[in-house]
Amino acid sequence: MKFSSPLFAATLAGMVAADNPIVQTIYTADPAPLVHNGRIYLYTGHDEPGATTFVMKDWRVFSSVDMVNWQDHGSPMSLSTFSWADAQAWAGQTVLRNGKFYWYVPIRNRQTGGMAIGVGVSDSPTGPFKDALGKPLVENNEIDPTVFIDDDGQAYLYWGNPKLWYVKLNADMVSYSGGVNSATLTAAGFGPRSGNAQRPTTFEEGPWLYKRTGKYYMVFAASCCSEHIGWSTGPSATGPWTYGGVMMPTQGSSFTNHPGVIDYQGSSYFFYHNGALPGGGGYQRSVCVERFTYGSNGSIPVLNMSKDGAPQVGTLNPYVRQEAETIAWESGVQTEPCSEGGMNVLSINNGDYIKVKGVAFGTGAKSFSARVSSAASGGKIELRLGSASGTLVGTCSVSGTGGWQTWVSVNCTVTGATGTQDLFFRFTGGGGELFRFNWWQFGQ
Ligand SMILES: *[C@@H]1O[C@H](CO)[C@@H](O)[C@H](O)[C@H]1NC(C)=O
Ligand SMILES: *[C@@H]1O[C@H](CO)[C@@H](O)[C@H](O)[C@H]1NC(C)=O
Ligand SMILES: *[C@@H]1O[C@H](CO)[C@@H](O)[C@H](O)[C@H]1NC(C)=O
């Protein structure tokens, strides 16, 4: 999706103080965060612009160390990863075991036409992922897998809509023992719902299972439609469950919601989705995050959706190489796979910008270097502080390089960039696409 219309650009510019939704280059949905080696990896689905149902063809990965600047890792897994599947790249979750990342996803089985759970596997959290089995792990036409490995090494895969199912995964993570089990959905366990014989409790879909300070939590999308988020706790990974209450009321112009809960650097975070981007809604969703604090008895508070999102954890170091696709907020740009590895920013037009939040310049930057390309005649990168029209501390000129993947480094002087600042790359030039942007670094 490209917010190229003046209306979208204006709407996005008006949202610049916000950090939610955390990705603006595309629509994202169904967040599944994973903390690994001090970094948050965020696995999401991907809604298509203009779709009038859940048209979802691939999954996406983003990562961050600070909850506000998110690096785009592109799409390391898609429908084509699974030869037996033909549609519905829906809500999954990734877990690490024995050095491999297992990504459980619901997808439509081409042969049966029903929804099944497949497993992607990779040696890296950012993929690429391949089909671990070449067939479904389980299939009963229900969706939304969540995976959890208990302290004793026993792994559980839960999924379901309208029921809640689980299997005990074997240590290989791609087979299970003890058959497919149905969790007992009681009003005491998941909150009462009236008027729906098939769904006697508020549990709807999207379970998220984890353990924290000795308690097991099942957070889930509740009621329909629109959904809210509910939570339950239990003394074991198989319950029995006790309903806790509402975590997030129905809000935010998407009739679904989907939870992902983690602890990171001493705080707790809740990932969810809504329709907050321009053009957003039930089939054009966007992932957001809030920070929260558990009650002393382990209770989960009621959270509202916000535009501010979670506060930044620490600061960003501008004196090491940073990827251009590490973005707190942007207007007008997109990302694509880069011939030099990873991703680069493209679709840079006059007036577009990228915001990088909380950049720690310290006593002052003296130079700036950027890796750029242009099959056109280039343009300029203005380095501004505080806003896209804030103090100009440097300007780097980009010339044509003869190709959109023909990369060169450019370098310019910087004055007046001290302390910790929100940094804006504001792009200027003539008409059309100006240049592409792979990475950047300041010098002291
Ligand atoms: C847990 O604490 C919350 C407030 O922090 C309170 O509302 C709730 O009733 C408590 N639950 C139990 C079971 O004590
Ligand atoms: C959430 O919003 C409601 C309604 O505006 C408000 O009463 C409540 O205090 C808010 N909760 C938090 C945690 O901000
Ligand atoms: C920019 O060029 C100068 C002079 O060659 C060099 O000292 C400086 O390290 C460069 N800056 C960056 C950020 O690479």
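Could you work out the helix-only [θ] at 222 nm for the chain, with each DSSP H run of four or more residues adding -39,500 (n - 2.57) and the total divided by the number of residues, to the nearest 500 deg cm²/dmol?
-500 deg cm²/dmol
What full-extension length gain, to one decimal in nm, is calculated for T420 and V320 as 0.36 nm per residue of separation minus the Cα-Cα distance?
Difference between extended and current length: 34.5 nm.
Where a Cα-Cα gap under 24 Å defines reach, which lysines qualify for K357, not counting those fewer than 8 residues away within the same chain?
K2, K307, K366, K380
Any idea how far the Cα center of segment 362-398 sits from the one of segment 310-348, in Å?
Here the answer is 14 Å between Cα centres.
Taking the number of other C-beta atoms within 10 Å as the exposure measure, put H273, H228 in order starting with the fewest. Mind showing how you got there, number by number?
Working: H273 28, H228 19.
Lowest to highest Cβ neighbour count: H228, H273.
What is the order of C412, C224, fewest Cβ neighbours within 10 Å to most?
Values: C412 15, C224 18.
Taking fewest neighbouring Cβ atoms as first place, the list is C412, C224.
Using alpha carbon centroids, what distance separates segment 48-77 and segment 83-142, in Å?
If we compute the Cα centre of each part, the gap is 16 Å.
Mind giving me the FRET efficiency for A87 and D263? R0 is 30 Å, r the Cβ-Cβ distance, nearest 0.05 is fine. Please report the intermediate quantities before stating the final value.
Working: r = 35 Å, r/R0 = 1.16.
Between A87 and D263 the formula returns 0.30.
Give the residues of segment 83-115 whose amide nitrogen is closer than 14 Å to a point set 7 Å from the Cα of K57 in the direction of its Cβ.
Within reach of a label on K57, which here means backbone N under 14 Å from a point 7 Å along Cα→Cβ, segment 83-115 contributes 86-89.
Distance from a point 7 Å along Cα→Cβ of K130 to each backbone N in segment 63-103: keep the residues under 16 Å and list them by number.
Only 76-78, 80-84, 100-103 fall inside the zone, counting backbone N under 16 Å.
Averaging over all projection directions, find the projected area of the Cα convex hull of the chain and quote it in nm² with one decimal place. Don't skip to the end; give the middle numbers.
On the way: hull surface 84.3 nm².
Taking a quarter of the hull surface, the average projection is 21.1 nm².
Once you place label points 7 Å from the Cα toward the Cβ at S182 and T293, how far apart are they in nm?
That separation, rounded to one decimal, is 4.3 nm.
Using only the Cα atoms of segment 228-361, each taken as one equal point scatterer with no solvent, compute I(q) by the Debye sum, divide by I(0), and report log10 of the ratio at q = 0.22 Å⁻¹.
For segment 228-361 at q = 0.22 Å⁻¹, log10 I(q)/I(0) is -1.37.
Among E433, E325, E340, which comes first, then next, by fewest other beta-carbon atoms within 10 Å? Don't jump to the answer; show the numbers that get you there.
Working: E433 17, E325 27, E340 12.
In increasing order of surrounding Cβ atoms, one gets E340, E433, E325.
Less than 12 Å from a label point 7 Å out along the Cα-to-Cβ axis of D151: which backbone N atoms in segment 188-227 qualify, by residue?
Residues 211-216 qualify, since their backbone N sits under 12 Å from the label point.
Every number in this text was worked out from the coordinates using simple rules, so none of it is lab data. Remember, predicted model here, so these are calculated numbers, not experimental data. So basically every Cβ, Gly included, is an ideal-geometry build from the backbone, and we count neighbours across all protein chains shown.
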